[in-house]
Amino acid sequence: MTSTRPAATGSVAARPDAAIRLLRPFAVLALIASAAITAIGLAWWLVPDANPYTAPGSLSLANALLEPARFAAVVVATGAVGLLLAGAALSRDALGRRAPLVAGAAALLAATVVVVLGDAGTITFAGYLFGFAAVVAGVLTTAVLLVRAPRLGVPLLVLLLALIGVAVWWAGLTWEGVASFLARFGAGLVDNAPPIAVSGVSVAAVLAWTAVAVVAGRTTREMRAVESWLVRHRRALTVLAALGPLPYALVRASWLTPWPLFAPAGGELSPAVLATGLMLGAGAAAACVLTLGLILPWGRVFPRWMPALGGRPVPPRLAVVPGLAAATIITISAVPVFMLSLGADSIVDVVVFDLVLPLWFWGPMLALAVWAYAADRRDESGTGDAVAPLG
């Protein structure tokens, strides 16, 4: 817990076999993801119409600069290089070539995120899913707190009822609007299954190459120095990461007032649109709270009011895996969303858009905050490699 505690990474360097065992599952995931990327690129090369990146609003930097056949070739090349590097990471002497392994993993990570498979649709689908889950989790949490911790549950219930009252009687939310949103949401998931699958492959690839780079790099003095710095500054990093979704949450909260910000043209908020915006805002608010959990007590020990789990230590992976997945999704979407913002009417509109939805800042900052949490929990446990790099 103290910021001066040295990083417990030396045990990995002292036990290369343990580091190899830790590296292997991530290298296997990288191999599978790279094979999938290669297959996807070949499919797009042979059947250009199957490429969802050619649809309006769904693009990557490479797709914006290249015609479809060349873009498909770049995707194939990215996957092929990934296959070669994953094979090297699976070899017994992988850590003997840690410098090129780390450099190659970092290069593939950057290529996948920034150039090749970044997609504005990734954050859209993830936002809808997470927002819906946040609403359901909020209702269930309130119900549990009313029974197990009424001092917390009653105020939370009052707040929830007040929000519902404002949404229904003031803003015009209706059950028909909620049902319409849910129907369109379900249909959208089915209709967009191919790009969602590609986004899933992209996220898996980025997580795999991140893990490969960190596990291999942790045996170096430079990476241990980076982790020590992250642990020392983890509180500041976490607070900054929690600020990422806050502007969007405040914008959506304004839809409950007479002055809705970034409302549809004409200022008319139909019940379905209102339900959509409020759900996404709930997801952004939940993201703020969950991010702060990386430095709050309940991020280490389950609260007492939680059935069956209360008082038990939080497994680091329970926070790190979804945290890194979220950071990956946000970062993958940053460049395409910025590119879309360039279509605004003025530079002021571009700046405002990228401040309200600061994926360029939020994603990398969240990744650093989660990495700092993982390193701190590893130091706390004293297990060295037992929980790295995924908590």
Most mobile of A30, A275, A43 in a GNM of the chain (Cα contacts under 10 Å): A43
Taking a ≥ b ≥ c as the square roots of the eigenvalues of the Cα gyration tensor, with a/c under 1.5 meaning rounded and otherwise prolate when a/b exceeds b/c and oblate if not, the chain is oblate
Leading residue at positive end of dipole, the chain (Cβ point charges), from W45, Y128, A35: A35
Pick from P336, P316, P260 the residue whose mean-square fluctuation is largest in a GNM of the chain, springs joining Cα atoms under 10 Å. P260
Amide H neighbours of V301 under 5 Å, counting only residues 5+ apart in sequence or on other chains, H built in-plane at 1.01 Å? V314
Hey, if you put +1 on the Cβ of every Lys and Arg and -1 on every Asp and Glu Cβ in the chain, which of P247, S202, V215 ends up farthest toward the positive end of that dipole? V215
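So how strong a dipole does the chain carry about its Cα centre when Lys and Arg Cβ are +1 and Asp and Glu Cβ are -1, to the nearest 20 debye?
1700 debye
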Sort 193-199, 323-329 by the packing proxy (mean of other Cβ within 10 Å over each peptide's residues), most packed first. 323-329, 193-199
How large is the helix-only mean residue ellipticity at 222 nm for the chain, computed as the sum of -39500 (n - 2.57) over DSSP H runs with n ≥ 4, divided by its residue count, in deg cm²/dmol to the nearest 500? -23500 deg cm²/dmol
Pick out which of M339, M306, M279 has the largest mean-square fluctuation in a Gaussian network model of the chain, springs linking Cα atoms closer than 10 Å. M306
Hey, with R₀ at 30 Å, roughly what FRET efficiency would D191 and A73 work out to, going by the Cβ-Cβ distance, to 0.05? 0.60
Eigenvalues of the Cα gyration tensor times 5, then square-rooted: what semi-axes does that give for region 268-372, in whole angstrom, largest first? 32, 19, 10
Given DSSP loops and a limit of at most 16 other Cβ atoms within 10 Å, what is the longest stretch of the chain that contains no such trypsin sites (Lys or Arg not before Pro)? 93-303
Longest to shortest principal axis, alpha-carbon extents of region 169-289, angstrom: 59, 35, 23
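By how many nm would the segment from L65 to A162 grow when fully extended, if each residue of separation counts as 0.36 nm and the alpha-carbon distance is taken off? Spell out each step's value before the answer.
Numbers: separation 97, 0.36 × 97 = 34.92 nm, distance 4.93 nm.
Here the segment from L65 to A162 would lengthen by 30.0 nm.
A short reminder: the numbers here are calculations on the coordinates, not readings from a lab. In this text the structure is predicted, and so the values were computed from the model without any measurement. Backbone-built Cβ (ideal geometry, glycine too); neighbour counts: all protein chains shown.
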